[in-house]
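To start, the structure itself, in structure tokens.
Nothing in this text is a laboratory measurement; each read-out follows from the coordinates by a stated rule. Given the structure is predicted, the values throughout are model-derived calculations rather than measurements. Ideal geometry is used to build each Cβ from the backbone, glycine not excepted, and the neighbour counts take in all protein chains shown.
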Amino acid sequence: MFPYAEDLRVDAEDSLAVDRLARRPAPAGASIAIVQLPRLSNATDVRLLDWAEWIAARPADARRFDVVILPGTKDTLGDLAWLKAQGLDTWVRAQHAAGATIVGVCGGYQMLGETIADPLAVESRGGQADGLGLLPVATTLADTKVTRAIRATTAGGVRFAAYEIHMGVTTQRTPLPPFARLADGSADGARGDRVIGTYLHGALEDGAVCEEILGVPVSPAAAKAAEHAALAGWFGTYAERPEHWLL
């Protein structure tokens, strides 16, 4: 039997295990709301933002946030329909109109655009829907998934590691500055008027990237490679001891 390890911090396999409680007060000027999409994916993107509030329905009060984040999703059109049913599409636009910066990651980025089309029904039942209209972009889902690890640099000069895993092709109707430049010189995402969209999972896991976007210091997390090495060491230690085997 393997003993419980208090000091190991390995990414949760499923978003159901994500800690959605705000662990401390929001820094001045950096209050954050994260939209809790039903089919949320890659929840580790926001693991550094331990003061954020998760929003699953349109709040009854008139709270204003400095930043609203639309995370990734396994079903962009399905979660976009849910967003509209909850009245959160109107709420996100109202937050933006009141001065908030809206950040969309992967599927969240696609939602920020004008339209999303799924002609091959690769994620849902197919069809097309209007997005939130906060960025002049349009997305078409395709049956080829992009999966790659990359290195990129933000507009502010922050270099970071990230990864892509998506099935959408997003095109700009009006040229916009990118969120970041990849190592090969190509552009990722878009920056509008207090709106940021990116396909780069892991960008917000970099403290310096968060600081550039939020304007407040953000403590970095332990490197995932170090966490995995610690897990491998723990497993190796106890796997080699017959007295710990469960027979």
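Data overview
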read-out: For region 15-221, with +1 on Lys and Arg beta carbons and -1 on Asp and Glu, the positive-most of G197, A26, G127 along the dipole; value: A26
read-out: Inter-centroid distance (Cα atoms) of region 27-77 relative to region 165-192, Å; value: 22 Å
read-out: From phi via Karplus (6.51, -1.76, 1.60), per-residue ³J(HN,Hα) for region 24-40 in Hz, x at Gly/Pro; value: 6, x, 5, x, 4, x, 9, 5, 10, 10, 10, 6, 8, 5, x, 10, 3
read-out: Positive-end residue, region 15-221 charge dipole about Cα centroid, Cβ charges, pick of L83, Q110, T144; value: L83
read-out: Long-range amide H partners of Y199 with built H, under 5 Å; value: C106, G189
read-out: Net lengthening on full extension, R194/K145 (0.36 nm per residue, minus Cα-Cα); value: 14.7 nm
read-out: Cut-off 20 Å, label 7 Å out along Cα→Cβ of A98, residues of region 195-216 by amide N; value: 195-196, 214-215
read-out: Computed over region 86-186: relative contact order in percent, which uses C-alpha pairs under 8 Å that are six or more apart; value: 21 percent
read-out: Magnitude of the charge dipole, region 15-221, Cβ model with Lys/Arg +1 and Asp/Glu -1, debye to 20; value: 160 debye
read-out: Between region 99-123 and region 126-158, the alpha-carbon center distance in angstrom; value: 7 Å
read-out: Per-pair calculated FRET efficiency, R0 = 22 Å: A81 and V169 via Cβ, rounded to 0.05; value: 0.55
read-out: ³J(HN,Hα), Karplus 6.51/-1.76/1.60, whole Hz, each residue of region 142-158, x for Gly, Pro; value: 10, 8, 10, 8, 8, 9, 7, 8, 9, 10, 9, 9, 6, 4, x, x, 7
read-out: Whether region 15-221 is rounded, prolate or oblate, judged on the alpha carbon gyration tensor where a/c under 1.5 counts as rounded; value: rounded
